Amino acid sequence: MPPPSNNVDDFRAILQQVKHIVVIAGAGLSAASGIPTFRGAGGMWRSLDATSLATPTAFAANPSLVWQFYHHRRVKALEASPNAAHELLAKMSIPNYLKTIAPAAKTFHLVTQNVDRLSTRAMDVLSAQIGKDVKLADRPRPVSVIEMHGRLFDVKCTKCDWCTEDLSNPLCSTLGATDALLDDYHDAGSKENDIPEDALPRCQQCGALARPGVVWFDEKPLRLDDINSIVYKADLCLVVGTSSTVYPAAGYAYRVKRHNGTVAVFNLEPNKGDEHADFVFLGRCEDELPRVLG
Ligand code: BV8
Ligand code: ZN
């Protein structure tokens, strides 16, 4: 197996023939927007590791602590704006734009592990700029974005089927009151942070405790059937800003490879598994994607 290439001309030659492109994106896609990644320096939140808070067990044990974690991330995501990588990927959902990069391309899908809503916001901005009065092939296709780990701004009930998108900040006064503690980096879960359960976000349908509308570890990611058929058809997979450590997302590139598709990694640093890729472009994706995809 030859080592991965970083030759842009060779990659662009591949782009001339591919028909179905899928992008698998992770936290590195939003790093330039100021959203901390999970496994970089920003990956630790106060004295706890983010991934130990993204679980149903953590929420059951300490909903106050987990809600503060998500409140903190909501605040960060509201302060953030889409970056050049989000914008380029949004443009690639425009069929006629996609053809300028990959003339034979029939489909483009962005499967993101991120819950920060920045990819959908990039789509919304683009749709507003382009307007509705152009032909379909010149319009972005928001349906091409799949947020497989849910959405940070969705709030859903722990008991009934209520779920809504709520961009308000704070979601409730008790969470807003914890902002002051963030600067002191109080050890999460210490007494003064403790919010009584009935003062946490509640379901507006049945009054039960509400939870963030994200997919936690050991919960089923969203739209797996759609993703599986997209990945099955893909002949080009771009792996953008992910450590490829969380499944099933981490296994998609390998599946494209297994049915003779091309895999191109865009990451700030080398990653375990890169050796299976055909191309590895090291650098910030907000620079490398525009440079390589041109
Ligand atoms: C499921 C939402 C089954 C919440 C998240 C043992 C072996 C294998 C698998 C498992 C196992 N034990 C358990 C599992 C399954 C488990 C899993 O994979 N665990 C791992 C830890 C081993 N997976 C699950 O539980 C999934 N569910 O399998 O369900 C099932 C099926 C049917 C029915 C019921 C159940 C659900 C996982 C979803 C968890 N939720 N997020 C929230 O966000 O709070 S995960 C969360 O962490 C993210 O969504 C993402 O998936 C992951 C973080 O990874 P990355 O995005 O890659 O971020 P990271 O910081 O790691 O890396 C950033 C990268 O960017 C770095 O490489 C860095 O170099 C790079 N970078 C930085 N800056 C830039 C850059 N690159 C380019 N440019 C830059 N500027
Ligand atoms: Zn309810």
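Below, the figures for the structure above:
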{"read-out": "Top-ranked residue in segment 154-170 [being assigned to a loop (DSSP other than H, G, I, E, B) and within 15 Å of ligand 2 (Cβ to nearest atom); ranked as nearest to the chain's Cα centre (by Cα)]", "value": "Asp166"}
{"read-out": "Helices (runs of 4 or more DSSP H) contained in segment 186-294 and holding at least 1 residues surrounded by fewer than 19 Cβ atoms within 10 Å (Cβ to Cβ) and within 16 Å of ligand 2 (Cβ to nearest atom)", "value": "none"}
{"read-out": "Residue identified as closer than 22 Å to Glu288 by Cβ, in the same structural domain as Val8 (by TED's automatic domain parsing) and either within 16 Å of the chain's Cα centre (by Cα) or not charged (D, E, K, R) (or both) among Thr107, Thr112, Thr120", "value": "Thr112"}
{"read-out": "Failed condition for Val75, given (1) crowded, with 19+ Cβ neighbours inside 10 Å; (2) assigned to a helix (DSSP H, G or I)", "value": "(1)"}
{"read-out": "Search result, residues across segment 16-33 that are within 8 Å of ligand 1 (Cβ to nearest atom) and not in a strand (DSSP E or B)", "value": "Gly26, Ala27, Gly28, Leu29, Ala31, Ala32"}
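The values are calculated or read from the model by the stated rules, or taken from the named source; none is laboratory data. None of the values given here were measured: they were computed from a predicted structure. Please note: Cβ atoms are built from the backbone with ideal geometry, for glycine as well, and neighbour counts cover all protein chains shown.
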